[in-house]
Amino acid sequence: MTGSKALLTEQEIGDLLAAHPDWHREGAELRRSYRFSDFRAAFAFMTHVALIAERLFHHPEWSNVYNRVDLAITSHDVGGLTARDRRFVEKVDAIG
């Protein structure tokens, strides 16, 4: 894979999911739910994720209800998963 817009291969996606087992694939997206002790902890996590997303210029779809944060990430511009998604997952898991 040469560029960040190149789609990941099925093997690369499998390797990513093996390394990050709390994530799962739904079609062209990777998804994960996080649970925290309370809303404050969930919001602090979301703040960290927002900073990661801005640095990577790659933004998730997400939702928050009290202590739960649900994330979904994909590269909409190329219709699938790319190195940008892999970097996002790796960086988010490093804080979560």
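The values are calculated or read from the model by the stated rules, or taken from the named source; none is laboratory data. Please read all numbers here as calculations on a predicted model, not as lab measurements. Note that each Cβ is placed from the backbone with ideal geometry, even for glycine, and that neighbours are counted across all protein chains shown. We work out accessible area using only protein heavy atoms, side chains counted, and drop any ligands, DNA or RNA first. Shrake-Rupley method; radii C 1.70, N 1.55, O 1.52, S 1.80 Å.
Please give the charge dipole size of the chain, origin at the Cα centre, charges +1 on K and R Cβ atoms and -1 on D and E Cβ atoms. Round to the nearest 20 debye. Please report the intermediate quantities before stating the final value.
On the way: 12 positive and 14 negative charges, 52 e Å.
That gives a dipole near 260 debye.
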Notebook entry, point to check: Per 10 Å bin, what is the whole-percent P(r) computed from every C-alpha pair distance within the range 40-86?
Noted result: 25, 51, 22, 2
Checklist line | Nearest-ten-degree value, helix 10-19 long axis tilted from longest Cα axis of the chain | finding: 30
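Once neighbouring chains are kept in place and the probe is 1.4 Å, which whole percent of the accessible area of the chain is contributed by carbon and sulfur?
Here it works out to 54 percent.
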Notebook entry, point to check: In whole Å, what are the Cα extents of the chain along the three principal axes, biggest one first?
Noted result: 40, 25, 20
Check: Over the range 1-49, one equal point on each Cα, no solvent: what is log10 I(q)/I(0) by the Debye formula at q = 0.29, 0.33 Å⁻¹?
Finding: -1.07, -1.18
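For the chain, what is the relative contact order in percent, using Cα pairs closer than 8 Å and at least 6 residues apart in sequence?
37
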Next item on the list: Kindly express, to the nearest 10 degrees and within the range 0 to 90, the angle between helix 83-95's C-alpha long axis and the longest C-alpha principal axis of the chain.
Entry: 30
Next item on the list: Please build a GNM for the chain, connecting alpha carbons under 10 Å apart, and tell me which residue among VAL69, VAL49, VAL78 fluctuates the most.
Entry: VAL78
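Of HIS76, HIS24, HIS58, which has the most accessible area and how do the rest follow, probe 1.4 Å? All intermediate terms of the calculation are to be shown ahead of the outcome.
Details: HIS76 130, HIS24 80, HIS58 15 Å².
Output order, biggest surface exposure first: HIS76, HIS24, HIS58.
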